[in-house]
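Here's the structure we're looking at; comments come further down.
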Amino acid sequence: MTPIVTSFFDPDTWTVSHVVCEKAGTACAIIDSVLDYDPKSGRTRTASANKLVAFVHAQNLQVAWILETHAHADHLSAAHYLRGKLGGKIAIGAAITQVQDVFKRVFNLEPGFRADGRQFDHLLQDGETFAVGALQAQALSVPGHTPACMAYRIGDTVFVGDTLFMPDVGTARCDFPGGHAPALYRSVRRLLSLPPETRLFMCHDYPPEGRSPIWETTVAEQRAKNIHVHDGVSEVEFVKMRAARDATLDMPTLILPSVQVNIRAGEMPPAEDNGVSYLKIPLNAL
Ligand SMILES: [Fe+2]
């Protein structure tokens, strides 16, 4: 079954959120939502998330799942906000506990923060199937960019998260804690072994000068044209390319706030005794 995919591009973080359903009036899944965040003022806004809310209402959709492909390092997730507005279960790959464990220590989080995934409604295992109304869905473990990355196959369409970018952009970095370029190569090959006509939806686009953002491609197109992992590129060549390239990349602007919020499924840290919630900056630790 081919789902209807409606995508929302956030130009501030180059993130694409997707709403996936069989048709209007049925169940849907929301994948990789964005909570707007201004690092200068420390203020969050829900303009991007409210576009999803308005669309869900306009199409009379019932949110079954709010899916995260991974704990993003470049934007805050609106999952917690959306669940409050629309219902649904927040799910992420089960290896999120490894990511939580690392960042619990990096940020010296409060003792009440447990690195056991309890902040999410459901932790998905590799190969686990679930339903989005009449659509069959499956979680596909694709570690490499982070250890907990999941791709989601819904009907005949796959949402790849940060494994692949559009063919002219390539692949995601592997230098965050738990990242591993050989694992990413194998994860990409796993996705590219799907039928050639399989539709693939990206979580980001960083368009080269002169083209507009796009986020849909196919297995066949990636195998033929992806600048990092087209057919014929070996694992050794890929790992060498990735290491050289990752060494040149700056930290994402929002990595510190993003990670702290996203390992809590998009919820803010507990408020302090003045009622204000704070994020931390670890000095000279990363
Ligand atoms: Fe990412």
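The values are calculated or read from the model by the stated rules, or taken from the named source; none is laboratory data. Everything numeric here is computed off the predicted structure, so don't read it as measured data. Quick reminder, even Gly has a Cβ in these numbers, built from the backbone with ideal geometry, and neighbours come from all protein chains shown. Please note that ligands, DNA and RNA were not included when accessible areas were found on the heavy atoms of the full protein model with its side chains. Shrake-Rupley method; radii C 1.70, N 1.55, O 1.52, S 1.80 Å.
So the values come out like this:
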| quantity | calculated |
| --- | --- |
| Under 5 Å, built H, 5+ apart or other chain: amide partners of T218 | L200 |
| Percent of beta bridges antiparallel (DSSP, the chain, rounded to nearest 5) | 70 percent |
| Solvent exposure ordering (accessible area, 1.4 Å, most first) of V259, V102 | V102, V259 |
| Table column - 3J(HN,Hα) (Hz), the range 202-209, Karplus curve with 6.51, -1.76, 1.60, x for Gly and Pro | 7, 9, 9, 9, 10, x, x, 3 |
| Pairs beyond 22 Å (Cα-Cα), from K40/K85; K89/K280; K40/K280; K23/K89; K51/K85 | K40/K85; K89/K280 |
| By accessible area with a 1.4 Å probe, ligands and nucleic acids excluded, highest first: order of R173, R186 | R186, R173 |
| For the range 124-134, Karplus couplings with θ = phi - 60° (6.51, -1.76, 1.60), whole Hz, Gly/Pro x | 8, 8, 4, x, 4, 9, 8, 10, 10, x, 7 |
| Residues of type lysines that K240 reaches as a straight line, Cα spacing below 20 Å, ignoring anything fewer than 8 places off in the same chain | K225 |
| Estimated vicinal HN-Hα couplings, Hz - the range 170-175 in sequence order (Karplus 6.51, -1.76, 1.60; Gly, Pro = x) | x, 9, 8, 5, 10, 9 |
| Rounded to the nearest 10 Å², the accessible area of E197 at probe 1.4 Å | 130 Å² |
| Distant-in-sequence amide H partners of Q136 (H built 1.01 Å from N, under 5 Å) | G155 |
| With every protein chain in place, the range 202-274: carbon and sulfur % of accessible area (1.4 Å) | 54 percent |
| FRET E, pair L249, A134, Förster distance 35 Å, beta-carbon r, rounded to 0.05 | 0.25 |
| Within the accessible area of the range 75-168 (1.4 Å probe), percent carbon and sulfur | 48 percent |
| Those Cys residues of the chain for which no other cysteine Cβ falls under 4.7 Å | C149, C174, C203 |
| Computed over the range 147-244, Kirkwood Rh from alpha-carbon pairs, angstrom | 13.5 Å |
| Largest-first ellipsoid semi-axes for the range 29-120, taking √(5λ) over the Cα gyration tensor eigenvalues, angstrom | 25, 17, 10 |
| For V63, distant residues with modelled amide H under 5 Å away | C28 |
| Accessible area of the range 1-62 belonging to carbon and sulfur atoms, whole % at 1.4 Å probe | 51 percent |
| Probe 1.4 Å, protein heavy atoms only - accessible area per residue of the range 163-204 in square angstrom | 32 Å² |
| Between the range 229-284 and the range 188-209, the alpha-carbon center distance in angstrom | 21 Å |
| Nitroxide proxy distance, nm - points 7 Å out along Cα→Cβ at Q125 and V276 | 4.5 nm |
| Sites I4 and I227, calculated FRET efficiency, Cβ-Cβ separation with R0 25 Å, nearest 0.05 | 0.25 |
| Charge sum, other residues only, whose C-beta stays under 14 Å from A224's C-beta, Lys/Arg counted +1 and Asp/Glu -1 | -2 |
| Distance histogram for the chain (every C-alpha pair counted, 10 angstrom bins, percent rounded to whole numbers) | 6, 30, 38, 21, 5, 0 |
| Kirkwood-Stokes translational diffusion coefficient of the range 1-54, alpha-carbon pairs, 4 °C, 1.567 mPa s, µm²/s | 106 µm²/s |
| Where the range 1-101 is the region considered: accessible area per residue in Å², 1.4 Å probe | 39 Å² |
